[in-house]
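Take a look at the structure set out below.
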Amino acid sequence: MLIGVIFMRKKLNIELYKKLFLIRSAETAIIAHYQEDEMKTPMHMSMGGEAISVGVCFALGDRGAVYGTYRSHALYLSMTGETDAFFGELYGRATGVARGKAGSMHLSAPEHGFMGASAIVGSTIPLAVGSAFASRMLKTKKIAAVFFGDGAVDEGVFWESLNLACVMRLPVVFVYEDNGLAVHATDSERHGYQSIGRIVGNFDCKVFASRTTDVEKIYELSRRAITHAERKQMPVFLHFQYYRYLEHVGVNEDFGAGYRDRAEFLVWRRKDPVLVQRRKLISLGISEAVLMGMEKRIDRQVSSSIVRAQKAPFPKVGELTNHIFSE
């Protein structure tokens with residue numbers, strides 16, 4: 001029995017690491033190639049927060065109906081594990097997620113449960129509430145989850161959506177990815193309160209919070225939250241704090257901009273989610289050779305996807321009016 005538990009934990013942690021490393025590898029490649037100016041899309045990078053998307057999405061499994069923000073690389077890759085359509089979209093090619101029309105900020109993969117991302121702050125939050133209501137009416141047992149950042153909790157639509165989910169007792173999973181900044185503005189500059197968890201907890205909504213960068217712990221906390229939402233038929237609020245490594249939009253560091261200190265980054269960097277998980281696998285008996293083999297396969301997947309994207313055709317002019325809604 002104990003051997004089986006150890007085996008399952010090791011297997012879980014290997015899969016979690018593969019997704020973490022895939023996201024890091026893909027974004028490292030974006031940084032390396034972005035200066036070539038072939039990716040004609042703004043980049044909102046996920047570095048530092050990868051464990052949140054991976055942990056929550058693993059907990060959701062294949063029952064998730066997930067909505068995200070423009071900082072969606074980690075979410076897309078967590079849900080799909082694929083990189084061909086991902087890079088095709090970043091390069092604006094016909095092979096992309098949206099045939100080259102969406103760019104980095106509007107990724108989606110409904111066939112994998114990732115219903116979409118939007119560049120409009122807070123705009124997908126009410127969609128998740130509607131999705132939870134639809135799931136209840138249609139008895140699909142899909143779990144609606146929405147990821148959002150610091151700026152979204154300053155929007156009225158967040159509070160309205162939270163309130164409606166509580167009133168209707170809808171099992172929505174609200175995932176707050178809190179890096180302490182809305183672009184460059186800190187919490188203290190924007191909030192007339194000290195603890196969002198305390199405020200949300202005063203609604204009929206259970207709050208689960210953590211500052212961990214350990215993807216396994218995020219996975220376990222998310223499982224507890226999802227189970228609570230399903231059993232009690234009520235919304236849950238997952239509050240994860242993390243540190244955004246790069247500038248708000250772009251592929252560079254921005255510690256010279258004056259709104260944050262590199263010293264804080266170095267503190268968080270020591271508990272980098274990818275390194276934390278790699279060290280854990282070694283402690284679980286995974287050899288360095290096995291780890292390097294996994295990493296090389298993922299790096300090759302990313303490199304091959306970039307080559308395919310660069311060689312892929314651009315969409316034809318007529319594609320501009322295909323697959324869109326209009327009156």
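At a glance:
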item	result
Condition broken by Phe87, with the remaining ones in (1) surrounded by fewer than 24 Cβ atoms within 10 Å (Cβ to Cβ); (2) modelled with pLDDT of 95 or more satisfied	(1)
Near pairs, Cβ below 6 angstrom, 6+ apart or cross-chain, from segment 155-180 (of a type in the set (Lys, Arg)) to any residue that is surrounded by fewer than 23 Cβ atoms within 10 Å (Cβ to Cβ)	Arg169/Gln233; Arg169/Met234
Breaking point among (1) within 18 Å of the chain's Cα centre (by Cα); (2) within 23 Å of Ala145 (Cβ to Cβ), for Thr28	(2)
Among the residues listed as Ile286, Ile226, Ile199, the single one being farther than 25 Å from Met45 by Cβ, surrounded by 13 or more Cβ atoms within 10 Å (Cβ to Cβ) and free of Cβ contacts under 8 Å to residues at least 12 places away in the same chain	Ile199
Tabulated pairs, segment 58-84, first at negative phi, second surrounded by fewer than 24 Cβ atoms within 10 Å (Cβ to Cβ) and among the charged types (D, E, K, R), C-beta under 7 angstrom, 6+ apart or interchain	Ala59/Arg223; Arg63/Lys141; Arg63/Lys142; Ala65/Lys142; His73/Glu27; Asp84/Arg308
Total residues in segment 261-283, condition surrounded by 13 or more Cβ atoms within 10 Å (Cβ to Cβ) and closer than 12 Å to Glu216 by Cβ	5
Residue in segment 108-122 that is assigned to a loop (DSSP other than H, G, I, E, B), acidic (Asp, Glu), modelled with pLDDT of 95 or more and more than 14 Å from the chain's Cα centre (by Cα) present	no
Sole residue being under 28 Å from Val153 (Cβ atoms), in contact with a helix residue (DSSP H, G or I) (Cβ under 8 Å, 6 or more places away or on another chain) and part of a helix (DSSP H, G or I), chosen from Leu221, Leu238, Leu266	Leu221
Top-ranked residue in segment 129-150 [being closer than 30 Å to Thr186 by Cβ and without any contact (Cβ under 8 Å) to a residue 60 or more places away in the chain; ranked as surrounded by the fewest Cβ atoms within 10 Å (Cβ to Cβ)]	Asp150
Candidate set: segment 31-58, residues that are over 13 Å from the mean Cα position of the chain (by Cα) and buried (at least 21 other Cβ atoms within 10 Å of the Cβ); chosen: the one nearest to Val276 (Cα to Cα)	Met43
Qualifying residue in segment 138-149 (condition: over 23 Å from Arg224 (Cα atoms), in a helix (DSSP H, G or I) and under 20 Å from the mean Cα position of the chain (by Cα))	no
Test: residue in segment 15-29 that is at positive phi and surrounded by 18 or more Cβ atoms within 10 Å (Cβ to Cβ)	no
Pairs with Cβ under 8 Å, 6+ apart, first in segment 242-263 and over 19 Å from Ser188 (Cα atoms), second small (Gly, Ala, Ser) and assigned to a helix (DSSP H, G or I)	Glu247/Ala257
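The values are calculated or read from the model by the stated rules, or taken from the named source; none is laboratory data. Since we're looking at a predicted model, the values are computed, not measured. Please note: Cβ atoms are built from the backbone with ideal geometry, for glycine as well, and neighbour counts cover all protein chains shown.
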